[in-house]
Amino acid sequence: MSRPAAAVLAAFLFGSPALIPALAATGVHAETPTENDRIERAAQVLDRFVGDPGNHGLRETLKRARAILVVPNYVRAGFVIGGTGGGGVMLVRRPQGGWNGPAFFDTIAGTLGPQVGVYRSELIMMFMTERSVERALQGSMQFGADASVAAGPIGAGERGPFADIYTYIRPVGAYAGISVSTGAVEPDRSENESYYGRGATARTILVEGRFNTTPGERLRQILAQY
């Protein structure tokens, strides 16, 4: 995780005194899979989301999305006020059709609600506006401030309230009362350059399409249906 992202996450976590002993007691730490592992797991997560018969609303929303961020291992920890975060990969729709990417991104968020413990989940964020995509590419986008965020519509034909970003979460284990309302998304600059090589930035990967490598092909194939 990059330093700005880590700083934001620390602000969320250490702003809640009740959270600190909970984290210490569990010994939970962020996993650090290889870049190829993260891309492969992201493809598996996306496949599960779009293949779920009950996710018609997600598939309809995806048809209108300008970009998508898939976080295979989204860690949530809290007691009333919590901190969440995880590394993911983003793809952006090309104007002429198809998708560019993936590029590596970090996410952190604050949550409110009756929450106890540390849990993992799978997260998809759909960026519906050019403004939200541009803010994410520029650096640390504060959603809830720079962009509005809402839970994604889940019913057949249901569009839900308009938002710049829709979020879809699949819990791994029970975690009651979760809602993502504030946080940040930013490119993982060091990981993008480490994986793709010199000159690889979120913009050159996702807008200019200069680094569409083979490991991301499965993700692009899934998205090509939309």
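Considering only residues that are surrounded by 15 or more Cβ atoms within 10 Å (Cβ to Cβ) and more than 18 Å from GLY88 (Cβ to Cβ), which ones fall in region 45-75?
ASN55, HIS56, GLY57, ARG59, GLU60
The residues of region 190-226 that are crowded, with 18+ Cβ neighbours inside 10 Å, small (Gly, Ala, Ser) and in a helix (DSSP H, G or I), listed by number, are ALA202, GLY216.
Say we look at region 104-116 and pick out the residues that are crowded, with 17+ Cβ neighbours inside 10 Å and farther than 14 Å from LEU91 by Cα; which of these is modelled with the highest pLDDT? Give the derivation first.
As a first pass, look at region 104-116 and keep what is crowded, with 17+ Cβ neighbours inside 10 Å: 104-111, 115.
Next cut, farther than 14 Å from LEU91 by Cα only: 107-111, 115.
Numbers: THR107: 85, ILE108: 78, ALA109: 66, GLY110: 58, THR111: 54, GLN115: 49.
My answer is THR107.
Would you point out which residue out of LEU9, LEU19 is modelled with pLDDT under 50 and over 23 Å from MET141 (Cα atoms)? Just one listed residue meets the conditions, LEU19. Quickly run through region 138-148 and pick out the residues that are in contact with an Asp or Glu (Cβ under 9 Å, 6 or more places away or on another chain), under 10 Å from VAL185 (Cβ atoms) and modelled with pLDDT of 75 or more. The answer is GLY139, MET141, ALA147. Just one of the numbered conditions (1) under 18 Å from GLY88 (Cβ atoms); (2) of a type outside the set (S, T, N, Q); (3) at pLDDT below 90 is not true of TYR195; which one? Among (1) under 18 Å from GLY88 (Cβ atoms); (2) of a type outside the set (S, T, N, Q); (3) at pLDDT below 90, the lone unmet condition for TYR195 is (3).
The values are calculated or read from the model by the stated rules, or taken from the named source; none is laboratory data. This one's a predicted model, so the numbers in the text were calculated from it and none came from an experiment. Glycine gets a Cβ as well: all are built from the backbone with ideal geometry, and neighbour counts include every protein chain shown.
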